[in-house]
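The values are calculated or read from the model by the stated rules, or taken from the named source; none is laboratory data. These numbers were taken from a predicted model, which means no experiment stands behind them. Cβ coordinates were reconstructed from backbone atoms using ideal geometry, including for glycine residues, and neighbour counts include every protein chain displayed. Only protein heavy atoms, including side chains, enter the accessible area calculation; ligands, DNA and RNA are left aside. Shrake-Rupley method; radii C 1.70, N 1.55, O 1.52, S 1.80 Å.
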Amino acid sequence: GFIMSIEEDLEEVRQMCEYCDKCSLCKSRTNIVFSGGVPNHNMMLIGEAPGYYEDQKGEPFVGKAGQLLDKIFASVGLSRQKDVYICNTLKCRPPDNRDPLPEEKEACRAYLDAQIEILKPKIILLCGKVALSSMLNTSTGITRVRGQWFDGPFGSKMMPIFHPSYLLRNDSHEKGSPKWLMWQDIREIKKAYDALVCSNG
């Protein structure tokens, strides 16, 4: 069946990542971090690069930031187990969580592109500045573009959102604060998601 072939295609790309030595991060990683959540055509979230806990477990967003991400989704009745496929711009952790180097992003780009091409998600959430700059090819800060829809690959709509680790550092819930803005954005995302799911029957 259809879903089978998607799973198989993704597995093939994951295997390529396991054996990848296109950049020096292959030497320092514990595990590749290929994806989390559930493969589907509706929604994909692209994060930055794996951190310590992700590298240990081989799964994206498993630390404090991941717990907050789950809470944000849950606030509008979404969950990574049912509704969203999660992947990162980079599949290996940069040492000490430093920002990815341009050549690392370039070396890893084909894997992300393959994930997008296999799933052709209708909604793509660009979580944090690395995902934003990778997908929109811009140096604009996330604060200026978050909550806006952009045209993405295969007819998708992409929305930049704050990275949960940024929200952990900016804990205010006051009107206009990053956390407050995130709640607006996730509601907007849920609306778009519901419209999709309805039209898919």
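Which residue, Lys190, Lys57, Lys175, has the most motion in a Gaussian network model of the chain that connects Cα atoms within less than 10 Å?
Maximum fluctuation in the GNM of the chain, among the listed residues, is at Lys175.
Would you calculate the volume per residue, in Å³, of the smallest convex hull containing every Cα atom of the range 50-92?
67
Out of residues 5 or more away from Gly37 or on other chains, whose amide H comes under 5 Å of its own, with H placed 1.01 Å from N in the peptide plane?
So Gly37 has HN proximity to Ile86.
Can you tally the net charge around Arg146? Count Lys and Arg as +1, Asp and Glu as -1, for every other residue whose Cβ sits under 11 Å from the Cβ of Arg146.
Surrounding charge for Arg146 is 0.
Could you work out which residue, out of Asn97, Asn40, Asn31, moves most in a Gaussian network model of the chain, that is, has the largest mean-square fluctuation with Cα springs under 10 Å?
Top of the fluctuation ranking is Asn97.
Could you list log10 I(q)/I(0) for the range 9-74 at q = 0.15, 0.19, 0.20 Å⁻¹, which the Debye formula gives when each Cα is one point scatterer?
So the normalised log intensities are -0.54, -0.83, -0.90.
Tell me, what % of the accessible area of the range 1-65 is carbon and sulfur with a 1.4 angstrom probe?
Here it works out to 51 percent.
Using a probe radius of 1.4 Å on heavy atoms only, what accessible surface per residue do you get for the chain? Whole Å² is fine.
Here the per-residue accessible area is 50 Å².
May I ask for log10 I(q)/I(0) of the range 1-113 at q = 0.12, 0.13, 0.18, 0.21 Å⁻¹, from a Debye sum over the Cα atoms as equal point scatterers with solvent left out?
The computed values of log10 I(q)/I(0) come out as -0.42, -0.49, -0.91, -1.17.
Where is the GNM fluctuation largest for the chain (alpha-carbon springs, 10 angstrom cutoff): Pro102, Pro39, Pro178?
Highest fluctuation of the listed residues: Pro102.
Compute the Rg to Rh ratio over the chain from the alpha carbon atoms, using the Kirkwood formula for Rh, and round to two decimal places.
For the chain, the value is 0.94.
If you find the alpha carbon centre of the range 84-105 and of the range 132-201, how far apart are they in angstrom?
After rounding, the separation between the Cα centres reads 19 Å.
Over all directions, the average projected area of the alpha-carbon convex hull for the range 116-180 comes to how many nm²?
About 4.6 nm², averaged over all directions.
Taking 7 Å along the Cα-to-C-beta vector as the label spot, tell me the Gln81-Ser28 distance in nanometres, rounded to one decimal.
So the label points at Gln81 and Ser28 sit 3.5 nm apart.
As a test of the formula, what do you get for the chain when each DSSP H run with n ≥ 4 contributes -39,500 (n - 2.57) and the sum is divided by the residue count, at 222 nm and rounded to the nearest 500 deg cm²/dmol?
-14500 deg cm²/dmol
Using a 1.4 angstrom probe on heavy atoms only, work out the carbon and sulfur share of the accessible area of the range 70-201 in %.
Here carbon and sulfur together make up 51 percent of the probe-accessible area.
Place a point 7 Å from the Cα of Gln184 along the Cα-to-Cβ direction; which residues of the range 44-84 have their backbone N under 12 Å from it?
None, by backbone N distance to the label point.
Taking Rh as the Kirkwood radius computed over C-alpha pairs, what is the Stokes-Einstein D of the range 60-131 at 10 °C in a medium of viscosity 1.306 mPa s, expressed in µm² per second?
Answer from the Stokes-Einstein relation: 116 µm²/s.
Starting from the amide H of Lys122, placed 1.01 Å from N in the peptide plane, find each other amide H under 5 Å away whose residue is 5 or more places distant or on another chain.
For Lys122, whose amide H was placed from the backbone, the distant partners under 5 Å are Asn42, Met43.
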